Amino acid sequence: MRVKPGAKQDTLTGAYGGRLKMTVVAPPEKGKANDAVARVLAGALNLATSRVSVVSGHTSPDKTVFVDGCSAADVRRRLEKMPRISTGAQKA
């Protein structure tokens, strides 16, 4: 997953080099962007936020996430149905 923190809105923007690309409003400090990644992805997958976690890339724009109870294929299948998702969260 490729993440751009400090964006204008939380959005899943689609594929990026075989990975998912996402923007989050949260800044890249004290884990705020990583928390936002879990929240946005969980919302897109209709899962509890506690089931999604960043497992590597905590300080990098390239992150690996774990989705408890879903295979990678299931996650891809669900997200492919949604070409662009915005949570509506925006910078003030």
**Study point:** Helix axis angle, 32-45 relative to the chain longest principal axis, alpha carbon, degrees
**Key:** 30
Check your understanding: Evaluated at 20 °C with a viscosity of 1.002 mPa s, what Stokes-Einstein diffusion coefficient in µm²/s does the chain have when Rh comes from the Kirkwood expression over alpha-carbon pairs?
Key -> 166
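By how many nm would the segment from THR13 to ASP35 grow when fully extended, if each residue of separation counts as 0.36 nm and the alpha-carbon distance is taken off? Don't skip to the answer; put the middle values down first.
Details: separation 22, 0.36 × 22 = 7.92 nm, distance 1.79 nm.
Fully extending the segment from THR13 to ASP35 adds 6.1 nm.
Output the peptides 57-64, 28-35 sorted from most to least packed, where packing is the average of other Cβ atoms within 10 Å over each peptide's residues.
Per-residue Cβ counts within 10 Å, averaged per peptide and sorted highest first, yield 28-35, 57-64.
Every number in this text was worked out from the coordinates using simple rules, so none of it is lab data. Bear in mind that the values here come from a model prediction, so they are computed numbers and not experimental data. Glycine gets a Cβ as well: all are built from the backbone with ideal geometry, and neighbour counts include every protein chain shown.
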